[in-house]
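Just below is one structure, and these are the notes that go with it.
The values are calculated or read from the model by the stated rules, or taken from the named source; none is laboratory data. Given the structure is predicted, the values throughout are model-derived calculations rather than measurements. Note that we place each Cβ from the backbone using ideal geometry, even for glycine, and neighbour counts take in every protein chain shown. Protein only, heavy atoms only, side chains kept; ligands, DNA and RNA dropped before computing areas. Shrake-Rupley method; radii C 1.70, N 1.55, O 1.52, S 1.80 Å.
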Amino acid sequence: VQLQASGGGLVQAGGSLRLSCEASGNIDTINRLGWYRQAPRKQRELVANINSGGTTNYADSVKGRFTISRGNAKNTVYVQMNSLKPEDTAVYYCYIGTRRGVYWGTGTLVTVSS
């Protein structure tokens with residue numbers, strides 16, 4: 001199973017980015033997809049996730065600014081990030097949870113300048 005994330009980059013505070021992640025390979029039933037992030041010298045933290053029923057969950061720090069969604073192909077996940085802040089700067093990792101386990105993407109860097 002491979003996860004390819006894309007969409008990171010450099011943006012000014014107040015700007016927007018959309019991250020994408022596509023899973024491929026021998027994928028079992030996907031129960032949950034989502035994003036974590038890790039800023040320099042900080043622990044990895046949950047950004048948002050979405051389960052197979054469409055229920056979403058967000059970190060308090062991104063509520064109202066980020067929107068997670070699942071693609072029609074069901075093996076893709078997106079996060080629309082609006083009103084970005086410098087503290088959103090981090091490497092963003094996508095993941096999928098299946099019956100066989102959790103799989104991670106390699107990460108995409110988001111840098112928000114002030």
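Things to note:
- Restricted to the range 11-23, and to residues there that are open to solvent by 50 Å² or more (accessible area, probe 1.4 Å) and not small (Gly, Ala, Ser), the residue that is modelled with the lowest pLDDT is Glu22.
- Any hit, the range 94-107, residues being over 16 Å from Ala5 (Cα atoms), basic (Lys, Arg) and within 13 Å of the chain's Cα centre (by Cα): no
- Against the numbered list (1) at pLDDT below 95; (2) closer than 15 Å to Trp104 by Cα; (3) in contact with an Asp or Glu (Cβ under 9 Å, 6 or more places away or on another chain), Tyr36 comes up short only at (1).
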